[in-house]
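A.B. asks: Below is a structure I'd like to ask you about.
The values are calculated or read from the model by the stated rules, or taken from the named source; none is laboratory data. If you're wondering where the values come from, they're calculated on a predicted model, not measured in any experiment. Backbone-built Cβ (ideal geometry, glycine too); neighbour counts: all protein chains shown. Calculation scope for accessible area: heavy atoms of the full protein, side chains included, ligands and nucleic acids excluded. Shrake-Rupley method; radii C 1.70, N 1.55, O 1.52, S 1.80 Å.
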Amino acid sequence: MPTGVFSQPRLVPSSIPKNMFNSPGLSLALQQPNIDNQGDETRLGENFEGSIGRRSREEEHESRSGSDNMDGGSGDDHDPTTAAGDKPPRKKRYHRHTPQQIQELEALFKECPHPDEKQRLELSKRLCLETRQVKFWFQNRRTQMKTQLERHENSLLRQENDKLRAENMSIRDAMRNPICTNCGGPAIIGDMSLEEQLLRIENARLKDELDRVCALAGKFLGRPITGPPLPNSSLELGVGTNGTFGTTMATTTTLPLGHDALPTMVVPSNRPATTLDRSMFLELALAAMDELVKMAQTDEPLWIKNIEGGREMLNHDEYLRTFTPCIGLKPNGFVTEASRETGVVIINSLALVETLMDSNRWAEMFHCMIARTSTTDVISNGMGGTRNGALQLMNAELQILSPLVPVREVSFLRFCKQHAEGVWAVVDVSVDTIKESTTFVTCRRLPSGCVVQDMPNGYSKVIWAEHAEYDESQVHQLYRPLLSSGVGFGAQRWVAALQRQCECLAILMSSTVPTRDHTAITASGRRSMLKLAQRMTDNFCAGVCASTVHKWNKLNAGNVDEDVRVMTRKSIDDPGEPPGIVLSAATSVWLPVSPQRLFDFLRNERLRSEWDILSNGGPMQEMAHIAKGQDHGNCVSLLRASAMNANQSSMLILQETCIDAAGSLVVYAPVDIPAMHVVMNGGDSAYVALLPSGFAIVPDGPRSHGPISNGHVNGNTGGGSSSVGGSPLTVAFQILVNSSPTAKLTVESVETVNNLISCTVQKIKAALQCES
């Protein structure tokens, strides 16, 4: 080794992520052996590939150098005595990042590949790294990703080049040796008739069209699609070699793409049933995407502004003239709801698309609207390592927090497509007309979803459209105006929930603590409390709507009011709940009070004694406060009820309140004092046992004019009636009636819960001076 030159250690290349090899074209490129003696073009491709390999190794070395800490100076800062040959060169010692550090870095890279200085400083403090190391790691990670994409594109181009070369050679051979179709001997072009020449040209055009359609379909299906075997003679179109129709018949399927329709694609009818289903899913998804984009971009006359509330209403006549129903005609007895909403959210388009295509993250983002969801089949993961072209089959249970509105169980396709740089669309459409269902369908999801466009500073513009058909006979009269107007399950609710949750995530990721928060709680304590509060809210929603998250058994007790639903279940081996028999009771009533006034009254700890029997008859004190949004109503609080006498013991109540344009929520649960001390210090909140209770408030339907004598909504919209503003209020309690899971439920326990709901509603009416 020459004097003064450092020996570099051999670096083992880092493994390429598996999702980079999902593309069939890339897999073929990696498996294709080297082909020698293919001319100058092949040597040029090999030289280019070699340069790519050398550059990849150099970039890989830089990435490893930036990701690791090295003791000692660089190659230019070595000891001068070493240059003189007195001492051997000192080797660099590499300190690799820990798996936890790499996991944190990768997680932030997925959300924000270009973090600013503030984010890098916060991450370096949390991971005990220098800011320079974090900066270099992100630079090298972006370089590595760019290199992998370039290698992928190079492989695809090389395959296309080889294919074109082979086709060119075959065409040259065919031109050198033309064959007569009648006698099988040599022929010249001049011997052909004009009609035969035209048929040959048309045949070549149709073959190219078929190859193009198969290639497009293969991209969306995630696997290669081939057409039917071609006959021996170019003139035997659809005719077998013996002059009769061939034994293999074909079916015709039309695949619309974007705003145009693809030419007809011919597929064999003797293929497996699963392949046929996936082809039909693809056709339905493309048609639904086309409809969603048009509904998002078209204004009047398709969408008309509502004079009363200012919301957009769908012109159904114009809709039927514009679109062909992609899932068939509306079933008898079903009604239609449609809505559209536009908003700006604090999230970029890629992050939002990833959230929507992941069932777990989707349910977490809209946890008050989605009771349960799952992905049953992934038809396509997308193209080029992105979600463009991703298609999957999903199931979901959508809910409104009221026992008077049944949970909507839908099975649908979710299709994602990138329309331009920074512009994505995600569409849902029911598959009831394609997939056989063993249950009676009460709701069909017509093409619905969102179009997302990136804006500066990490924001996105979202245009959300919701369109559904459902059986209205199963919905209580109180909530029918709310659903028919598109407010209950409509676009406004999806956009409002998305804005509120993204705002909450932005506050949690920020290093600054809101001024109204209690600074005594550590960052880990805030995360533990918020995680506990979300579990409390999820359990509350499951108890109100009777979703399949818990196995509830509905009780038909004669001494319970008609609109009160009582259910019971057994809690066994669940560390987040006390063991025993849990009784849930919920009801919904209409109050002539605005939603904002009702929400402010229920969340005010100083007025809690006017309706809560757990407050010991006195005001409560807020011990901790964690903000979840700019609105003061979006927060998590820890309340303490003061003991009125020596015989009473003080207790803690965990409370979460949420409010947006689509409604509000107040959920609370008594918690153990020692357990909450552990949580506030950053401990695990999964072992804190709680049973939630609370309230759900939604705005009144636009056509509602207050309840009539029997408690139902008066639907009279005549000119002589005056609209009465009000709020449908849902009250729900979960109580442990027996600590033994094997005990039997008594009638007294049911009556106690029923009386608790009735008493609470009456106290709220009295405090707000509402008429009974």
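A.B. asks: Considering only the stretch 667-684, how many residues are within 27 Å of the chain's Cα centre (by Cα) and buried (at least 23 other Cβ atoms within 10 Å of the Cβ)?
C.D. replies: 1
A.B. asks: Is it fair to say Arg414 is touching a strand residue (DSSP E or B) at 6+ places or on another chain (Cβ under 9 Å), basic (Lys, Arg) and closer than 30 Å to Ala732 by Cβ?
C.D. replies: Details: touching a strand residue (DSSP E or B) at 6+ places or on another chain (Cβ under 9 Å): yes; basic (Lys, Arg): yes; closer than 30 Å to Ala732 by Cβ: no.
Answer is no for this residue.
A.B. asks: Hey, among Lys146, Lys110, Lys125, which residue is basic (Lys, Arg) and farther than 22 Å from Thr98 by Cβ? Explain how you work it out, then say what you get.
C.D. replies: Numbers: Lys110 fails: farther than 22 Å from Thr98 by Cβ; Lys125 fails: farther than 22 Å from Thr98 by Cβ.
Within the list Lys146, Lys110, Lys125, the selection yields Lys146.
A.B. asks: Of the numbered conditions (1) under 24 Å from Asp660 (Cα atoms); (2) not in a loop (DSSP other than H, G, I, E, B), Gly486 fails exactly one; give the number of that condition.
C.D. replies: It is condition (2) that Gly486 fails.
A.B. asks: While we're here: Go through (1) open to solvent by 50 Å² or more (accessible area, probe 1.4 Å); (2) assigned to a loop (DSSP other than H, G, I, E, B); (3) within 26 Å of Trp424 (Cβ to Cβ) one by one and return the number of the condition Ile327 breaks.
C.D. replies: Among (1) open to solvent by 50 Å² or more (accessible area, probe 1.4 Å); (2) assigned to a loop (DSSP other than H, G, I, E, B); (3) within 26 Å of Trp424 (Cβ to Cβ), the lone unmet condition for Ile327 is (1).
A.B. asks: Considering only residues that are surrounded by fewer than 20 Cβ atoms within 10 Å (Cβ to Cβ), of a type outside the set (Lys, Arg) and within 35 Å of the chain's Cα centre (by Cα), which ones fall in the stretch 591-621?
C.D. replies: The answer is Ser594, Gln596, Asp600, Phe601, Asn604.
A.B. asks: Tell me the residue from Ser411, Ser448, Ser430, Ser460 that is over 24 Å from Arg278 (Cα atoms), among the polar types (S, T, N, Q) and not assigned by the TED database to the domain that holds Ser584, please.
C.D. replies: On the way: Ser411 fails: over 24 Å from Arg278 (Cα atoms); Ser448 fails: over 24 Å from Arg278 (Cα atoms); Ser430 fails: over 24 Å from Arg278 (Cα atoms).
Testing whether each residue is over 24 Å from Arg278 (Cα atoms), among the polar types (S, T, N, Q) and not assigned by the TED database to the domain that holds Ser584 leaves just Ser460.
A.B. asks: Tally time: how many residues in the stretch 289-316 are part of a loop (DSSP other than H, G, I, E, B), over 14 Å from Ala465 (Cα atoms) and either at pLDDT 90 or above or of a type outside the set (Asp, Glu) (or both)?
C.D. replies: Selection size over the stretch 289-316: 5.
A.B. asks: Follow-up question, since we're still on this one. Could you grab the pairs with beta carbons closer than 7 Å, sequence gap of 6+ or different chains, first residue in the stretch 644-667 and farther than 14 Å from Leu598 by Cβ, second one surrounded by fewer than 24 Cβ atoms within 10 Å (Cβ to Cβ) and modelled with pLDDT under 75?
C.D. replies: Final answer for the pair search is Met644/Asn616; Met644/Gly617; Met644/Gly618; Gln648/Asn616; Ser649/Ala643; Ser650/Ser642; Ser650/Ala643; Ile653/Leu614.
A.B. asks: Within the set of pairs 6 or more residues apart or between chains, which connect a residue that is surrounded by 11 or more Cβ atoms within 10 Å (Cβ to Cβ) inside the stretch 105-120 to a residue that is in a helix (DSSP H, G or I) and basic (Lys, Arg) with Cβ atoms less than 7 Å apart?
C.D. replies: Phe109/Arg141; Pro113/Arg142; Arg120/Lys135
A.B. asks: Residues that are over 14 Å from the mean Cα position of the chain (by Cα), aromatic (Phe, Trp, Tyr) and farther than 30 Å from Ser588 by Cα: does the stretch 427-442 have at least one?
C.D. replies: Of the stretch 427-442, the ones over 14 Å from the mean Cα position of the chain (by Cα) are 429-442.
So of that shortlist, the ones also aromatic (Phe, Trp, Tyr) come out as 440.
Pick out the ones that are also farther than 30 Å from Ser588 by Cα and you get none.
So far as the stretch 427-442 goes, no, none of its residues is over 14 Å from the mean Cα position of the chain (by Cα), aromatic (Phe, Trp, Tyr) and farther than 30 Å from Ser588 by Cα.
A.B. asks: Filter the stretch 521-564 down to residues that are at pLDDT below 85 and basic (Lys, Arg) and give me whichever is most open to solvent (accessible area, probe 1.4 Å).
C.D. replies: For the stretch 521-564, the residue satisfying everything is Lys551.
A.B. asks: Let me ask something additional. Pairs only if they're at least six apart or on different chains, beta carbon under 7 angstrom, first in the stretch 511-538 and under 17 Å from Glu122 (Cα atoms), second assigned to a helix (DSSP H, G or I) and at pLDDT below 85; list them, first residue then second.
C.D. replies: Pairs found: Pro514/Ile507.
A.B. asks: Condition first: at pLDDT 85 or above and open to solvent by 70 Å² or more (accessible area, probe 1.4 Å). Can you find one or more residues in the stretch 78-99 that meet it?
C.D. replies: Looking through the stretch 78-99, at least one residue is at pLDDT 85 or above and open to solvent by 70 Å² or more (accessible area, probe 1.4 Å).
A.B. asks: Residues that are in a strand (DSSP E or B), over 30 Å from Val667 (Cα atoms) and open to solvent by less than 20 Å² (accessible area, probe 1.4 Å): does the stretch 431-443 have at least one?
C.D. replies: No: zero hits.
A.B. asks: Against the definition (among the hydrophobic types (A, V, I, L, M, F, W, C) and either buried (at least 21 other Cβ atoms within 10 Å of the Cβ) or part of a strand (DSSP E or B) (or both)), how does Val452 come out, yes or no?
C.D. replies: Working: among the hydrophobic types (A, V, I, L, M, F, W, C): yes; either buried (at least 21 other Cβ atoms within 10 Å of the Cβ) or part of a strand (DSSP E or B) (or both): yes.
For Val452, the condition - among the hydrophobic types (A, V, I, L, M, F, W, C) and either buried (at least 21 other Cβ atoms within 10 Å of the Cβ) or part of a strand (DSSP E or B) (or both) - is met.
A.B. asks: Identify, please: which residue in the stretch 747-772 is open to solvent by 60 Å² or more (accessible area, probe 1.4 Å) and in a loop (DSSP other than H, G, I, E, B) and is, among those, nearest to Val666 (Cα to Cα)?
C.D. replies: So the residue we want is Gln769.
A.B. asks: Which of the residues that make up the stretch 431-490 are free of Cβ contacts under 8 Å to residues at least 12 places away in the same chain and either of a type in the set (S, T, N, Q) or within 21 Å of Glu503 (Cβ to Cβ) (or both)?
C.D. replies: Thr438, Pro456, Asn457
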